[in-house]
Amino acid sequence: MVGVLMKTDKLGGWRRTHYSAEISPELDGKEVLVFGWVQDIRDLGGIRFLILQDKNGTVQITLSRDDANRRVLKKTDSLQRQYSIGVKGTVKKMEKAPGGAEIVPSEIRILGVAKQPLPLDMTGRTPADIDVRLDARVLDLRRDENQAVFRIQHVALEATRSFLSKRGFMEVYTPRIIVSATEGGAALFPVAYFKREAFLAQSPQLYKEQLILDFEKVFEIGPFFRAEESHTRRHLSEFISIDIEEAFATAEDVMKVLEELLHRVCRDVEKRCGKELEILNHTVDVPKTPFKRFTYDEAIEELKEEGIHVPWGEDIPTPAFRTLGKLHPYYYFLTDWPTKSKAFYIKPRDDEPNTCEGFDLMWHWIELASGGTRIHSKQLLTKRLKGQGLSPESFKSHLQAFNYGMPPHAGWAVGLARLVMALTGKRNIREVVLFPRDRFRLSP
């Protein structure tokens, strides 16, 4: 075992000239300086290969025992996987090398060492169970597959912010420490707030509704918390939500925004993430708009024809959703849900109060987003709160905003991790979150 007390070199005046992805045959004969981590070492007797990984990929460092500088060759004797190093050398055109070029080093500096053996094989040649990988997450994230997942997430978020900003939405940030439940229910994390009890926010719902009085069109991307008892491949206790709210709008208006956003995100990922999608062996189909729309009644009728009976008014269970996903393997909306199955702020239809103007965006069988037209009448909202066993007094500050000319409005929320699952083909939500939190995991 190699300890971590080994003497290291100083960074000094060294600064990167190129990233790995920039080392190409066109640089043949040029001196470069690269930084990164030792991903792999291959010693073939007369020649030694180091694979250096940085944030953009990998580059091959090649040393011939006959031609290499003795001092440099000796230094590589002490290298191990995951050591952080700097390499100064000359680019050499080489067809067999990744990218068609390699670096012949003239000097190597060891900048950080790693205790051996490592808990994970970052090359992926030795697979590990997901819990083992999550226990050493910072190493796990160095694997090419994980790097690809989070680069795709980055592009998706860039596209989201750009799209919504150009559509006139302003980004906002709402509190995470709140005095009462956002949507009711018991899925709350209590926190000690000085001498009072407070809770971690489940969503920005009430605040974003209030903010449309000031800014009309708002969006927020941020973490929220639910004491989620379900331990499945698609549930987390801490998650990133993409929310919008729009004044003078209905469910149909914001559904159009959502489907156009998904089209933009998928288009950008397909266009900009070819390398990452290849690593993941996954393709992204850019969906055509408008998305298909099915009512709740149509969905339960389809399920009935498949031998699955869902009583009207009940939520659709996961096995039934799996069946719907097989019937509709694409993005689609489920609309016109029973009023009692949706949150208190979703507006009942004027012509049929037992049905509401709520919708879910589905990808195959997984719910990606939920939204709808909101109630903008204080009287009706108070009635709905009481109908769901909630105290209007607990929502006093929210109800107060309805005294100031609350307009008709609508909005939705997208679960970022579930969206990234769709974009990457991953089947476990923990694969697409940097440091996932659920019932059983609180570290790292």
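Every read-out reported here was derived from the displayed coordinates using simple, explicitly stated rules and does not represent laboratory data. All of these numbers come straight from a predicted model, not from anything done at the bench. Cβ sites come from the backbone with ideal geometry, for glycine too, and all protein chains shown count toward neighbours.
Which of Y193, Y331, Y19 ends up with the largest GNM mean-square fluctuation for the chain, with Cα atoms connected below 10 Å?
Ranking Y193, Y331, Y19 by mean-square fluctuation puts Y193 first.
Work out how much length M170 to K292 would gain on full extension: take 0.36 nm times their residue separation and subtract the Cα-Cα distance, in nm to one decimal.
Once the chain is fully extended between M170 and K292, it gains 41.1 nm.
If I stretch the segment between K7 and K275 completely, what's the gain in nm (0.36 nm per residue apart, minus their alpha carbon distance), one decimal?
Stretched fully, the K7-K275 segment lengthens by 92.8 nm.
Looking at F291, L303, Q205, which one has the Cα that reaches farthest to the positive end of the dipole of the chain (charges on Cβ: Lys, Arg +1; Asp, Glu -1)?
Value computed over the given set: Q205.
Which one is right for this structure if Cα Rg over 2.2 N^0.38 Å is calculated from it: (1) 0.95; (2) 1.02; (3) 1.20?
(3)
Could you state the angle between the C-alpha long axis of helix 318-327 and the longest principal axis of the C-alpha atoms of the chain, as a value from 0 to 90 degrees rounded to the nearest 10?
For helix 318-327, the angle is close to 80 degrees.
In nanometres, what is the gap between the two model label sites at R267 and D129, each 7 Å from Cα along Cα-to-Cβ?
Modelled inter-label distance: 4.5 nm.
Which value at 222 nm does the chain reach when only helices count, each DSSP H run of 4 or more adding -39,500 (n - 2.57), with the total divided by all residues and rounded to the nearest 500 deg cm²/dmol?
Computed mean residue ellipticity for the chain: -8500 deg cm²/dmol.
Could you tell me whether the range 269-424 comes out rounded, prolate or oblate from its Cα gyration tensor? Rule is a ≥ b ≥ c as square roots of the eigenvalues, rounded for a/c under 1.5, then prolate if a/b exceeds b/c, otherwise oblate.
oblate
What dipole magnitude, in Debye to the nearest 20, does the range 20-112 give about its Cα centre under +1 on Lys/Arg Cβ and -1 on Asp/Glu Cβ?
Result for the range 20-112 is approximately 340 debye, rounded to the nearest 20.
Simple spin-label model, 7 Å along Cα-to-Cβ: L141 to D28 in nm?
Each label point lies 7 Å from its Cα, and together they span 3.9 nm.
Springs between alpha-carbon pairs under 10 angstrom, Gaussian network model over the chain: which of E431, E305, E216 fluctuates most?
Answer for the Gaussian network model of the chain: E305.
Relative to the longest principal Cα axis of the chain, at what angle does helix 144-166 sit, 0 to 90 degrees, rounded to 10?
50 degrees
Which net charge results when you count Lys and Arg as +1 and Asp and Glu as -1 among the other residues whose beta-carbon is under 10 Å from that of R109?
Net local charge, R109 excluded: +1.
What is the helix-to-structure angle for 251-272, meaning the angle in degrees between its Cα long axis and the longest Cα principal axis of the chain, kept from 0 to 90 and rounded to the nearest 10?
Rounded to the nearest ten degrees, it is 10.
Where nothing but the Cβ of Lys and Arg (+1) and of Asp and Glu (-1) is charged, how large is the charge dipole of the range 140-432 around its Cα centre, in debye to the nearest 20?
It comes to approximately 680 debye.
Among rounded, prolate and oblate, which fits the range 217-294 when a ≥ b ≥ c are the square roots of the eigenvalues of its C-alpha gyration tensor, a/c under 1.5 means rounded, and a/b larger than b/c means prolate?
In terms of gyration-tensor shape, oblate.
How much net charge surrounds G86 when only the other residues with a Cβ under 9 Å from the Cβ of G86 are counted, with Lys and Arg +1 and Asp and Glu -1?
The answer is +1.
Name the residue farthest towards the positive end of the dipole of the chain from the options L188, G112, S370, assuming +1 on Cβ of Lys and Arg, -1 on Cβ of Asp and Glu, about the Cα centre.
G112
Dipole magnitude of the range 100-151 about its Cα centre, charges +1 at Lys/Arg Cβ and -1 at Asp/Glu Cβ only, in debye to the nearest 20?
140 debye
Summing Lys, Arg as +1 and Asp, Glu as -1, what charge do residues with Cβ under 14 Å from the Cβ of D28 carry, D28 excluded?
Summing Lys/Arg as +1 and Asp/Glu as -1 gives -2.
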